[in-house]
Amino acid sequence: SQTIHQWPATLVQPVGSPLSLECTVEGTSNPNLYWYRQAAGRGLQLLFYSVGIGQISSEVPQNLSASRPQDRQFILSSKKLLLSDSGFYLCAWSGWENTGELFFGEGSRLTVL
Amino acid sequence: GESVGLHLPTLSVQEGDNSIINCAYSNSASDYFIWYKQESGKGPQFIIDIRSNMDKRQGQRVTVLLNKTVKHLSLQIAATQPGDSAVYFCAENIGGTYKYIFGTGTRLKVLA
């Protein structure tokens, strides 16, 4: 069966520090990968998605970047965090067949102080 | 604009009763819908899905109904249990693309 893991689960970082959140998927090949941000009481905002290694599409201009160095690995990064980067970040995957099913990881809570 | 919304932000039900959570969507091109359950501090959990060629789908204690005429989606939970307490939200997908539109969620509270 397919599983998705992301880490760290919780992160507290000072303003101006770098960020690296990692996500890996197991049990499938060539997944579509996504990074979302969820604000309290609000819907999910798509940040990045990737249909293959090295292929990244950005939905919202921001202080963050994403990379996909391996087929089942997706990384969310920042060189210098802002206070507004605080939030709950979710990695998700869907099958390359594009049948629609979307599965989420457990989330990473980022607090920027 | 295109949106997926929920009618009731908070729903309180007695343990053992049935729960119905509603969702409206506005994009007639959407052909696939998912219901998620999200517990506090955790990622959304895939509950059940339905495609636009169906109007009803059943899972374990859950049923999703799709009314394409009025662009309405509902999640029914039978014999609601304390463990069902969570935020539930719907999502729509357009033609198997990468685009998913999510509702803001309904909080379900199960009263003992």
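The values are calculated or read from the model by the stated rules, or taken from the named source; none is laboratory data. Just so you know, these numbers come straight off a predicted model, no measurement behind them. Reconstructed Cβ throughout: ideal geometry from the backbone, glycine too, with neighbour counts over all protein chains shown. Heads up: the accessible areas ignore ligands, DNA and RNA and are worked out on the full protein's heavy atoms, side chains in. Shrake-Rupley method; radii C 1.70, N 1.55, O 1.52, S 1.80 Å.
In debye, nearest 20, what is the charge dipole magnitude of the stretch A:28-113 about its Cα centre with +1 on Lys and Arg Cβ and -1 on Asp and Glu Cβ, if you could check?
Numbers: 7 positive and 6 negative charges, 73 e Å.
Roughly 340 debye, rounded to the nearest 20.
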*Under a 1.4 Å probe, what is the accessible area of chain A per residue, stated in Å²?*
47 Å²
*Using the Karplus curve 6.51 cos²θ - 1.76 cosθ + 1.60 with θ = phi - 60°, work out ³J(HN,Hα) for each residue of the stretch A:61-68 in order, rounded to whole Hz, and write x for Gly and Pro.*
x, 6, 8, 10, 9, 9, 9, 9
*Among A:S20, A:L110, B:Y88, pick out the residue whose Cα is farthest towards the positive end of the charge dipole of the protein assembly as shown, where Lys and Arg carry +1 and Asp and Glu carry -1 on C-beta, about the Cα centre.*
A:L110
*In whole angstrom, how far apart do the alpha carbon centroids of the stretch B:55-84 and the stretch A:34-106 sit?*
28 Å
*asked:* Testing the spin-label approximation: label points 7 Å from Cα along Cα→Cβ at A:Q45 and B:N18. State their distance in nm.
replied: 3.9 nm
_Solution diffusion estimate, µm²/s, Stokes-Einstein, chain B, Kirkwood Rh from C-alpha pairs, 20 °C, viscosity 1.002 mPa s_ = 153 µm²/s
*Calculate what fraction, in whole %, of the accessible area of the protein assembly as shown sits on carbon and sulfur atoms when a 1.4 Å probe is rolled over the protein chains.*
50 percent
*Counting partner chain Cβ atoms within 10 Å of every residue's Cβ in A:92-102, what's the average?*
5
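Please get the size of the charge dipole for chain B, origin at its Cα centre, with Cβ charges of +1 on Lys and Arg and -1 on Asp and Glu, quoted in debye to the nearest 20. Present the calculation step by step, with values, prior to reporting the outcome.
Values: 11 positive and 9 negative charges, 17 e Å.
The dipole magnitude comes to about 80 debye.
Considering only DSSP beta bridges where both residues belong to chain A, give the percentage that are antiparallel (nearest 5). Mind dumping the intermediate values first?
Details: 37 of 41 bridges.
Of the beta bridges lying entirely in chain A, close to 90 percent run antiparallel.
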*Mind checking how much accessible area B and A bury in total, 1.4 Å probe, in Å² rounded to 100?*
1600 Å²
_Distance between modelled label sites at A:S65 and B:Q81, nm, 7 Å Cα→Cβ extension_ = 4.7 nm
*asked:* What number comes out for accessible area per residue over the stretch B:61-112 if the probe is 1.4 Å? Units Å², please.
replied: 40 Å²
_At least 20 Å² of accessible area lost relative to the chain alone, listed for the stretch B:43-84 with a 1.4 Å probe_ = B:G43, B:P44, B:F46, B:R51
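If I take all pairs of Cα atoms in the protein assembly as shown, what percentage of them are more than 26 Å from each other? Don't skip to the end; give the middle numbers.
Details: 9491 of 25200 pairs.
That tail contains 38 percent of the Cα-Cα pairs.
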*Among all the lysines, which ones have a C-alpha under 27 Å from B:K109's C-alpha, if same-chain residues fewer than 8 places away are not counted?*
B:K37, B:K42, B:K56, B:K71
*asked:* Once ligands and nucleic acids are excluded and a 1.4 Å probe is used, how much of A:W96 is accessible, expressed in Å² to the nearest 10?
replied: 140 Å²
*Considering only protein heavy atoms, with the full assembly of protein chains and a 1.4 angstrom probe, order B:K71, A:K79, B:K56 by accessible area, largest first.*
A:K79, B:K56, B:K71
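Can you sort B:I20, A:I4, A:I56 by 1.4 Å-probe accessible area, starting with the largest?
Details: B:I20 85, A:I4 25, A:I56 60 Å².
Solvent-accessible surface, decreasing: B:I20, A:I56, A:I4.
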_Residue mean of other protein chain beta carbons inside 10 Å, B:89-96_ = 3
